[in-house]
Amino acid sequence: MTDIAKLTGVSQSTVSLVLNNATGAKFSEATRNKVLKAAHDLGYRLSPREPVLASKDERNLIVYLADEISTSPHPVVNIDGARDAAYASGKMLAVYSTHGNADVEQQVLETTLSNPHLFGVIYATVYTRKVSLPAALSRVPTVLLNCYTSEGGQSSVVPAEVAGGHIATEFLPSVLRALSSAGVTLHGDERARSATPGVAVDAAGDEDWDTEYLALEMAVAVVDSTAEAITAPTGVMPLSPAPLMPSGLSGVGDSSVRMISICGVSRAVGMM
């Protein structure tokens with residue numbers, strides 16, 4: 001669709017709507033013909049399809065509930081994609097922005113979840129983060145977009161670096177076990193120590209995060225956010241901050257493991 005959009009000077013959303021013969025879309029017949037001609041000229045095979053119409057009793061409403069829309073260009077792209085997919089399937093997309101206001105969110109849910117035509121909910125956040133999902137959403141099909149819960153009961157779509165970090169954190173016990181076996185003295189915070197039963201990890205103090213060990217010695221911490229994971233003490237530079245493993249994993253938490261080392265100072269930071 002990108003090629004067709006460039007050739008015709010219209011958006012990919014318009015191309016999708018034309019090719020899917022979506023009902024209710026507002027564009028001129030000239031635009032429609034231009035898109036269809038470009039698709040034909042580029043060799044796209046267009047299978048004849050009738051518009052998918054929903055019956056009056058069908059569950060055909062998808063609620064897109066977002067905390068913010070206007071603060072970043074990404075939500076608009078997400079909404080465009082959700083709308084196109086909904087239209088192509090005979091569904092309607094209703095978008096609500098709460099601006100992070102819990103009262104507004106509650107009012108939206110009370111109004112929309114009682115709609116007999118409700119098909120499901122897309123619960124989206126502008127920044128990738130852990131959320132406490134409203135209890136009412138446990139009763140309807142819900143997909144989390146750019147967010148996740150601790151329980152992991154819903155399908156969740158998150159950036160690849162978050163999923164990759166989760167994979168990396170799962171290997172923290174085996175990594176520390178290997179380091180200990182190699183003679184590395186380990187110091188860890190409470191969460192790091194509890195995550196590695198059977199591995200000798202001494203309790204770390206505040207001084208361990210700034211100590212230049214100049215030896216086979218490492219301090220390990222488990223933190224809750226990306227900001228904490230990449231924050232290093234004075235004089236310590238983060239190495240290889242890129243995601244450890246690209247992945248399309250769903251239903252995962254915000255977690256990462258990064259190795260930081262300079263001038264004999266070593267520190268492992270994990271996010272869970």
Task: Residues of region 77-118 satisfying the condition of being farther than 22 Å from V131 by Cα and touching a Ser or Thr at 6+ places or on another chain (Cβ under 9 Å) - done: D80, G81, R83, D84, A85, Y87, A88, G90, L118
TODO: Within region 178-221, work out how many residues are in contact with a helix residue (DSSP H, G or I) (Cβ under 8 Å, 6 or more places away or on another chain), assigned to a strand (DSSP E or B) and touching a residue at least 40 places away in the same chain (Cβ under 8 Å).
DONE: 4
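Looking at V104, V77, V126, which one is more than 18 Å from V157 (Cα to Cα) and not in a loop (DSSP other than H, G, I, E, B)?
Numbers: V77 fails: more than 18 Å from V157 (Cα to Cα); V126 fails: more than 18 Å from V157 (Cα to Cα).
Testing whether each residue is more than 18 Å from V157 (Cα to Cα) and not in a loop (DSSP other than H, G, I, E, B) leaves just V104.
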TODO: From the list A86, A136, pick out the single residue that is of a type outside the set (D, E, K, R) and more than 30 Å from L19 (Cα to Cα).
DONE: A136
TODO: State all residues of region 70-117 that are within 21 Å of P141 (Cβ to Cβ), without any contact (Cβ under 8 Å) to a residue 12 or more places away in the chain and among the aliphatic types (A, V, I, L, M); if no residue qualifies, say none.
DONE: A85
Task: Top-ranked residue in region 78-103 [being of a type in the set (S, T, Y) and closer than 20 Å to Y127 by Cα; ranked as surrounded by the fewest Cβ atoms within 10 Å (Cβ to Cβ)] - done: Y96
TODO: Please state which one of R129, R83 is of a type in the set (D, E, K, R) and either out of contact with any helix residue (DSSP H, G or I) (no Cβ under 9 Å at 6 or more places or on another chain) or under 30 Å from G198 (Cβ atoms) (or both).
DONE: R129
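Every read-out reported here was derived from the displayed coordinates using simple, explicitly stated rules and does not represent laboratory data. Quick caveat: nothing in here was measured; it's all calculated off a predicted structure. Note that each Cβ is placed from the backbone with ideal geometry, even for glycine, and that neighbours are counted across all protein chains shown.
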